[in-house]
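Accompanying notes for the structure given below.
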Amino acid sequence: RKEVEQDPGPFNVPEGATVAFNCTYSNSASQSFFWYRQDCRKEPKLLMSVYSSGNEDGRFTAQLNRASQYISLLIRDSKLSDSATYLCVVSDTGTASKLTFGTGTRLQVTL
Amino acid sequence: DVKVTQSSRYLVKRTGEKVFLECVQDMDHENMFWYRQDPGLGLRLIYFSYDVKMKEKGDIPEGYSVSREKKERFSLILESASTNQTSMYLCASSPPQDLPGNTIYFGEGSWLTVV
């Protein structure tokens, strides 16, 4: 079993749609969680951290479910510019030296 | 903003050549990392460094070495390049480990093709 698992997609959604991605992690002691966005042939960039109580940043909402060991990312009112690959990232120790990356979920937003 | 700069964006090297990938960060971060990213495999950690002259092996260190002589610079060395090292290489840096929820910032990547 992979340490961090994501559905690779692609998720094809029309502009304006709401889309959600899940990511499961295997280590119940994991401490920090993040979503990164990666455009084609570009570097990953931090989208948002994921906090225990859930957090929102504009159209993006991240949630953590420790009991079921998954995190989610919800994107409302999808834009064409949201098309990218979304990487789920987990830290087992709370430090950047122990980050584990999922392989990413690809989102394609269409007209 | 954090700036992580990888000097070579696209390289083509021959099998057996020695390859240097350079990375510089301007945020005085203690931690620096080298990852490679391959389709279907995600990002895999090659080496990281938490201080000058210090290095730790990551998940896939075989065939690679690193050098950190200055805090801002972290080099990845392929002693004898092989075709299975064709990949996208990502350098990253991060603040000290004792900051809660810290994460890393990536350079733009170096696309290496070994022929």
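The values are calculated or read from the model by the stated rules, or taken from the named source; none is laboratory data. Values in this document were obtained by computation on a predicted structure and should not be read as measured data. In this analysis, Cβ positions are derived from the backbone assuming ideal geometry, glycine residues included, and neighbour counts consider all displayed protein chains.
In table form, for the structure just shown:
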item	result
Top-ranked residue of region B:33-52 - restricted to ones that are farther than 24 Å from residue B:84 by Cβ and out of contact with any Lys or Arg (no Cβ under 6 Å at 6 or more places or on another chain), ranked as nearest to the other protein chains (Cβ to nearest Cβ)	B:50
Selection from region A:12-51 of residues that are under 16 Å from residue A:102 (Cα atoms) and aromatic (Phe, Trp, Tyr)	A:21, A:25, A:33, A:34, A:35, A:36
Candidates A:104, A:9, filtered to the one that is more than 29 Å from residue B:6 (Cα to Cα) and of a type outside the set (Lys, Arg)	A:9
Residue in region A:35-49 that is aliphatic (A, V, I, L, M), in a strand (DSSP E or B), closer than 30 Å to residue B:111 by Cα and within 9 Å of chain B (Cβ to nearest Cβ) present	yes
Condition check for residue B:68: within 20 Å of residue A:36 (Cα to Cα), assigned to a strand (DSSP E or B), in contact (Cβ under 8 Å) with a residue 12 or more places away in the chain and not β-branched (Val, Ile, Thr)	no
Candidate set: region A:62-111, residues that are within 14 Å of residue B:43 (Cβ to Cβ) and among the aliphatic types (A, V, I, L, M); chosen: the one nearest to the other protein chains (Cβ to nearest Cβ)	A:96
Candidate set from region A:1-29 (those that are in a loop (DSSP other than H, G, I, E, B) and among the small types (Gly, Ala, Ser)); member that is modelled with the lowest pLDDT	A:29
Meets criteria (hydrophobic (A, V, I, L, M, F, W, C), away from chain B (no Cβ under 14 Å), within 30 Å of residue B:30 (Cα to Cα) and surrounded by fewer than 19 Cβ atoms within 10 Å (Cβ to Cβ)) for residue A:29	yes
Selection from region A:66-84 of residues that are polar (S, T, N, Q), touching a Leu at 6+ places or on another chain (Cβ under 9 Å) and without any contact (Cβ under 8 Å) to a residue 60 or more places away in the chain	A:72, A:83
Contacts under 7 angstrom Cβ, first residue in region B:74-86 being under 8 Å from residue B:63 (Cβ atoms), partner of a type in the set (Val, Ile, Thr) and assigned to a strand (DSSP E or B), 6 or more apart	B:78/B:19; B:82/B:114; B:85/B:114
Any hit, region B:94-108, residues being of a type in the set (D, E, K, R) and within 14 Å of chain A (Cβ to nearest Cβ)	yes
Scan of region B:22-72 for residues that are among the charged types (D, E, K, R) and exposed (fewer than 15 other Cβ atoms within 10 Å of the Cβ), ordered by number	B:26, B:28, B:38, B:51, B:53, B:56, B:57, B:59, B:62, B:69, B:70
Residues within region B:30-57 that are touching a helix residue (DSSP H, G or I) at 6+ places or on another chain (Cβ under 9 Å) and either assigned to a loop (DSSP other than H, G, I, E, B) or more than 16 Å from residue B:4 (Cα to Cα) (or both), tallied	3
Residue within region B:79-90 that is surrounded by fewer than 18 Cβ atoms within 10 Å (Cβ to Cβ) and over 30 Å from residue A:8 (Cβ atoms) present	yes
